[in-house]
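Colleague: I have a structure I would like to understand better, so I am pasting it below and will then ask my questions one at a time.
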Amino acid sequence: MEPEGDHHRRECRSHKRRREVCDRHLSLIYIKANSYRLPLDFGMSNKLSSCLEAPGGVVSYVLHGNCYLNITNRCTLRCSFCPKFNGMWEVQGSTMRLRREPTADEILDAIGDPRRYSEIVFCGLGEPTLRLYTSLEIASRLRARGARVRINTDGLANLVYGRDVSPDLEDNVDALSISLNAQNEVLYNRHCRPKLAGAYGSLLDFARRARDFVPDVTLTAIDVLAGVDINACAGIAADIGVKFRRSVLDEVG
């Protein structure tokens, strides 16, 4: 009979391989869908990072008593109001441009003791769910140490992965903040400029599904975007059965 410890280690290795394949598969799908090169997820292998240069840029930064994580510069949107698409890579004086994506261990090292913070927030100049399973590995390890974990997202993970990923968030993520930013698809496409078709509907569907697996789900909208009706956006959140928060442009929250 196989020792229990050996069996557990083999299962852990198998789970890690499946997660790495998912992240690699995402990168390949995303490159094909957008017809140009994007950096692969270097979070796939901590061993690989030992022969690479340092990530460069800021991996973690502290605001409002929270620790924010900048784990990728890739994104599924090209928002007209995003600073990086306007040549600005700084947040609160910190450079967010990464030479490569940090590994899970590097991200955890950058956090230190998570109990020092009210919340650990995946929020940088990029979409964290493009590294979903790296993010969930980190989140699981943080929550085991007593941390509260939030992911700030564009809500397009189901569209990118081609399946419903919301069940994977259960018991790993305490809160989701989903950028709505418009009360209809026309305005959403104008301001957020999604790279994949059907983004607005997918975002709303993700919010509906995620509420069954994440205790705290909030839709957000920036109130200075032309044509955007904040009250109408709040109404959408109410219809879905999630919270709503008005966002201020260039203010991290």
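The values are calculated or read from the model by the stated rules, or taken from the named source; none is laboratory data. Just so you know, these numbers come straight off a predicted model, no measurement behind them. A quick note on method: Cβ atoms are made from the backbone with ideal geometry, for glycine too, and the neighbour counts reach across all protein chains shown.
Colleague: Considering each residue of the stretch 180-198, count those that are surrounded by fewer than 22 Cβ atoms within 10 Å (Cβ to Cβ), within 20 Å of the chain's Cα centre (by Cα) and touching a residue at least 24 places away in the same chain (Cβ under 8 Å), and give that number.
Modeller: Total satisfying the criteria: 6.
Colleague: Still on this structure, please answer the following. State the number of residues belonging to the stretch 140-161 that are in contact with a strand residue (DSSP E or B) (Cβ under 8 Å, 6 or more places away or on another chain), small (Gly, Ala, Ser) and either closer than 21 Å to residue 91 by Cα or buried (at least 24 other Cβ atoms within 10 Å of the Cβ) (or both). If you could, list the steps in order and put the result at the bottom.
Modeller: Start the filter on the stretch 140-161 by keeping residues that are in contact with a strand residue (DSSP E or B) (Cβ under 8 Å, 6 or more places away or on another chain), which leaves 142-143, 147-155.
Subset that is small (Gly, Ala, Ser): 147, 155.
Of the ones still in play, those that are also either closer than 21 Å to residue 91 by Cα or buried (at least 24 other Cβ atoms within 10 Å of the Cβ) (or both) are 155.
Total meeting the criteria: 1.
Colleague: Could you please let me know if residue 72 is touching a helix residue (DSSP H, G or I) at 6+ places or on another chain (Cβ under 9 Å), modelled with pLDDT of 75 or more, under 23 Å from residue 180 (Cα atoms) and part of a helix (DSSP H, G or I)?
Modeller: Working: touching a helix residue (DSSP H, G or I) at 6+ places or on another chain (Cβ under 9 Å): yes; modelled with pLDDT of 75 or more: yes; under 23 Å from residue 180 (Cα atoms): yes; part of a helix (DSSP H, G or I): no.
So residue 72 fails the test.
Colleague: OK, next. Which condition does residue 37 not pass, out of (1) at pLDDT 75 or above; (2) surrounded by fewer than 16 Cβ atoms within 10 Å (Cβ to Cβ), if it passes all the others?
Modeller: Of the numbered conditions (1) at pLDDT 75 or above; (2) surrounded by fewer than 16 Cβ atoms within 10 Å (Cβ to Cβ), the odd one out for residue 37 is (1).
Colleague: Sticking with this one: When you go through 176, 203 one by one, which is the residue that is within 18 Å of residue 121 (Cβ to Cβ), surrounded by 14 or more Cβ atoms within 10 Å (Cβ to Cβ), under 15 Å from the mean Cα position of the chain (by Cα) and among the hydrophobic types (A, V, I, L, M, F, W, C)? Reasoning before the result, please.
Modeller: Numbers: 203 fails: within 18 Å of residue 121 (Cβ to Cβ).
Of 176, 203, the one residue that is within 18 Å of residue 121 (Cβ to Cβ), surrounded by 14 or more Cβ atoms within 10 Å (Cβ to Cβ), under 15 Å from the mean Cα position of the chain (by Cα) and among the hydrophobic types (A, V, I, L, M, F, W, C) is 176.
Colleague: With the condition kept exactly as written, say whether any residue in the stretch 79-97 is assigned to a loop (DSSP other than H, G, I, E, B), among the aromatic types (Phe, Trp, Tyr), touching a strand residue (DSSP E or B) at 6+ places or on another chain (Cβ under 7 Å) and modelled with pLDDT of 95 or more.
Modeller: No, the stretch 79-97 has no match at all.
Colleague: Can we say residue 112 is out of contact with any strand residue (DSSP E or B) (no Cβ under 6 Å at 6 or more places or on another chain) and closer than 16 Å to residue 61 by Cβ?
Modeller: Yes; evaluated as a whole, the condition is true for this residue.
Colleague: With respect to residue 57, is the statement that it is modelled with pLDDT under 90, in contact with a strand residue (DSSP E or B) (Cβ under 6 Å, 6 or more places away or on another chain) and over 16 Å from residue 120 (Cβ atoms) true?
Modeller: When the stated conditions are applied, residue 57 passes them.
Colleague: Starting from residues that are touching an Asp or Glu at 6+ places or on another chain (Cβ under 6 Å) and over 22 Å from residue 225 (Cα atoms), keep the ones in the stretch 63-98 and report whichever is surrounded by the fewest Cβ atoms within 10 Å (Cβ to Cβ).
Modeller: Filtering the stretch 63-98 for residues that are touching an Asp or Glu at 6+ places or on another chain (Cβ under 6 Å) and over 22 Å from residue 225 (Cα atoms), the one surrounded by the fewest Cβ atoms within 10 Å (Cβ to Cβ) comes out as 66.
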